[in-house]
Protein chains: 2
Amino acid sequence: MPTPLDLGGNVVDLLRALIDIESVSGDEQLITDQVERALRGYPHLEVIRDGNVVIARTNLSRADRVVIAGHLDTVPIAANVPSWVTGDGAEQIVWGRGSCDMKGGVAVQLSVAAALVEPRRDVTWIFYDNEEVEESRNGLSRIAREHPDYLEAGFAVLCEPTNAGIEGGCQGTMRLMVELTGVAAHSARSWKGHNAIHDAGAVLQLLAQHQPTEVEVDGLLYREGLNAVGITGGIAGNVIPDRCEIEVNYRFAPDKSPAQAEAHLRHLFAGFDVRVTDVAAGARPGLDQPVAAEFLAAVGGQPSAKFGWTDVARFAALGVPAVNFGPGDPNKAHADDEFCPAADVYSCRDALLRWLG
Amino acid sequence: MPTPLDLGGNVVDLLRALIDIESVSGDEQLITDQVERALRGYPHLEVIRDGNVVIARTNLSRADRVVIAGHLDTVPIAANVPSWVTGDGAEQIVWGRGSCDMKGGVAVQLSVAAALVEPRRDVTWIFYDNEEVEESRNGLSRIAREHPDYLEAGFAVLCEPTNAGIEGGCQGTMRLMVELTGVAAHSARSWKGHNAIHDAGAVLQLLAQHQPTEVEVDGLLYREGLNAVGITGGIAGNVIPDRCEIEVNYRFAPDKSPAQAEAHLRHLFAGFDVRVTDVAAGARPGLDQPVAAEFLAAVGGQPSAKFGWTDVARFAALGVPAVNFGPGDPNKAHADDEFCPAADVYSCRDALLRWLG
């Protein structure tokens, strides 16, 4: 059993302690136990444990309630645990799996949850499992299904890495298969067949030449993307292939519904055999709403668009405006050289204290 | 132990008996034993057993010696053993795995080997294993390496299916990988990466637009082919792929050496990263040589070019002119509905008897 987490101490030390408890998706039992135990030490919080999800909330009958959420799991370790640091003071950097995505955010959540005995707004702190894997295992998604009341709020903050700035909403994501069909034949007599892989050339040229759109939504600029993310074809080294499949990923701005995104792609791939395999709606940034504006004012700085899909879309689906706000560079999420600047951690902690304190 | 093979009886019954002894590559022990035992019943033949290769030869000190060869193995069974027949008389068809490729040819060899006690030319009959699998296991290739004297001859006939006509020489075959390299990135921020699969589009368009050459060699017309036979790329559904590989198969006319074939492809794919993974030289038809001309006259009909690569190229490499000549439609080789017309079997047997009798 590791040393209990110290929520009242230095938040960067807390971050390192969190990294040092390995918690690859599916293996969150230990970190969840530790988070639960630490939070139960604060009587101003009602603590609920549900599977590997921990919910801690104040019940002060404030006019507003906000949700602040983060996931406890990471992608697989890459010889980057335990944590280490480089630099000092304002230049200090914390390295290790999860430092950026998103134990930096979790450390901020835990530190502020412990410090704020009487927040100005009621807060529901959520710590959940299995964010880095398939949707069907996602802890937040399960809670939204089984206990939507736990997520009731006027506003939500997801502490995913945003370089300690506010990133509004998120783009939607759709995956589809473009399937080419030919006729198999021995490659020594190729004219008796029809090569499905050769037909894929036209689809790839179309993708290579496609200019992704930039779309402004609620004042933020979203940059779309349309990419082949997989291709497979071929039977044997001496057979003309009768089949080739291209997997395409479309990242679409939150002005489009999934149905509109699909219609756009069907138009683009007219004449090809297209099958949608997966879709997740985006979330509008919602920064025009009053509760979001107050958060913006407390944090300061210019908000920007979130490009990657995040669980803010789950809140959007429940009618709760939500933003991403957390320490660390999102481009370093999942990288082997993942890291988080200590300054980001302090700055996020201070901003939440200003907003809620 | 099955009934011994009857080489002196009806050649179509012999074909059916051969089909009924399963002999998928690597599992030729039983059929080799049967072939060896049956041949040892004929004192005019010297029989040599070497692994799962059987060599039977006359030693009559004739001015010429010819080799007549066939492989005993088949591709895997597809619910098509034991054999069955449809039709009668001239219309009879024998069905089953190996009927076409190439137990029809083996039946002709065995029947003629038994019947011709005093052939006009000395004959070396060869029955070998592992033709349908990788080169390193090929029984004929092993004999060529270990006992090239067994293959000494002025002319060779390989009884692969040719619709009972003469198919001269064979095309060469070369496989190469075209490798595209990009930069991985999260697909939500695709502009930070470079999509290797998109780059493959230009290669596939080049292949789709390529017009294969037709080349006349020693009076026969060879039709080349250049085809993608495999493609693979992609890391995950949310990652811009940094790698895509296209496997290309080039079937080249026997006027080109492997080096010339490679130079041609390197010119065609100039600017792309190309790696040759496999090559087998073709074989010129050699039908302008006297010994081939006599065979042509005995068989009759118009010779044509062989498109698929066959073991005639091994004889060509040893300086022995060689042709393909056997019962069955080469397009039915490896097909689940593989079959062989009885008329082809009789016609090939009669032609060999005319030539050698």
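Which whole-Hz ³J(HN,Hα) couplings does the stretch B:27-43 yield from phi under the Karplus relation 6.51 cos²θ - 1.76 cosθ + 1.60, θ = phi - 60°, glycine and proline marked x?
Once θ is set to phi - 60°, the couplings for the stretch B:27-43 become 10, 9, 3, 5, 5, 5, 4, 5, 5, 4, 4, 5, 5, 5, x, 10, x Hz.
Would you mind classifying chain A by shape? Square roots of the alpha carbon gyration tensor eigenvalues, ordered a ≥ b ≥ c; an a/c under 1.5 is rounded, otherwise it is prolate if a/b is larger than b/c and oblate if not.
prolate
Identify, among A:Pro76, A:Val108, A:Gly87, the residue whose Cα sits farthest towards the positive end of the charge dipole of the stretch A:74-136, taking +1 on the Cβ of Lys and Arg and -1 on the Cβ of Asp and Glu, with the dipole about the Cα centre.
A:Gly87
Need one number: % antiparallel among DSSP beta bridges in chain B, to the nearest 5.
75 percent
To one decimal in nm, how far is A:Ile93 from the same spot in the other copies, if labels go 7 Å from Cα toward Cβ? Please give the shortest first.
When each copy's label point is compared with this one, the spacings are 7.2 nm.
Distances in nm, one decimal, shortest first, from B:Val183 to the same residue in every other copy, taking the label point 7 angstrom along Cα→Cβ.
Result for B:Val183, in nm, nearest copy first: 4.5.
Averaging sequence separations of C-alpha pairs under 8 Å and six or more residues apart, then dividing by the length of the stretch A:74-218, give the relative contact order as a whole percent.
13 percent
What percent do you get for the relative contact order of the stretch B:140-293 when only Cα pairs under 8 Å and 6+ apart count?
For the stretch B:140-293, the relative contact order is 34 percent.
Under 5 Å between amide H atoms, partner at least 5 residues away or on a different chain: which partners does B:Gly357 have, H built in plane at 1.01 Å?
Answer set, sorted by chain and number: B:Arg120.
How far apart are the B:Asp6 label points across copies, placing each 7 Å from Cα toward Cβ, in nm, shortest first?
Inter-copy label distances (nm, one decimal, shortest first): 9.6.
Give the shape of the stretch B:73-184 as rounded, prolate or oblate, defined through the alpha-carbon gyration tensor: a ≥ b ≥ c are the square roots of its eigenvalues, a/c under 1.5 means rounded, and otherwise the shape is prolate if a/b is larger than b/c and oblate if not.
Oblate.
Taking the Cα centre of the stretch A:126-210 as origin, work out the dipole magnitude from +1 charges on Lys and Arg Cβ and -1 charges on Asp and Glu Cβ, in debye rounded to 20.
Using only the charged Cβ atoms, the result is roughly 740 debye.
By how many degrees, between 0 and 90 and to the nearest 10, does the Cα long axis of helix B:104-115 differ from the longest principal axis of chain B?
Around 20 degrees separate the two axes.
Counting only C-alpha contacts under 8 Å and six or more residues apart, can you give the relative contact order of chain A as a whole percent?
Relative contact order, chain A: 24 percent.
For a test of the definition: using alpha carbon positions, the gyration tensor, and the 1.5 limit on a/c, classify the stretch A:302-357 as rounded, prolate or oblate.
oblate
Hey, got the dipole for chain B? About the Cα centre, +1 on K and R Cβ, -1 on D and E Cβ, debye to the nearest 20?
The calculated dipole for chain B is roughly 540 debye.
Whole-Hz ³J(HN,Hα) for each residue in the stretch B:166-181, computed from phi via Karplus 6.51 cos²θ - 1.76 cosθ + 1.60 with θ = phi - 60°, x for glycine and proline: what do you get?
Karplus-based 3J(HN,Hα) across the stretch B:166-181 equals 9, 10, x, x, 6, 6, x, 9, 9, 10, 9, 9, 9, 10, 9, 10 Hz.
Where both partners of a DSSP beta bridge lie in the stretch A:65-170, what percent of those bridges are antiparallel, to the nearest 5?
20 percent
Which whole-Hz ³J(HN,Hα) couplings does the stretch B:265-271 yield from phi under the Karplus relation 6.51 cos²θ - 1.76 cosθ + 1.60, θ = phi - 60°, glycine and proline marked x?
Once rounded to whole Hz, the list reads 5, 5, 5, 4, 9, 3, x.
When only DSSP loop residues count, what GluC sites (Glu not before Pro) in the stretch B:132-190 have their Cβ near at most 16 other Cβ atoms within 10 Å?
Those satisfying the criteria are B:Glu134, B:Glu152.
Rule-based calculations on the coordinates, nothing more; no lab input. All values reported here derive from a predicted model rather than from experimental measurement. So basically every Cβ, Gly included, is an ideal-geometry build from the backbone, and we count neighbours across all protein chains shown.
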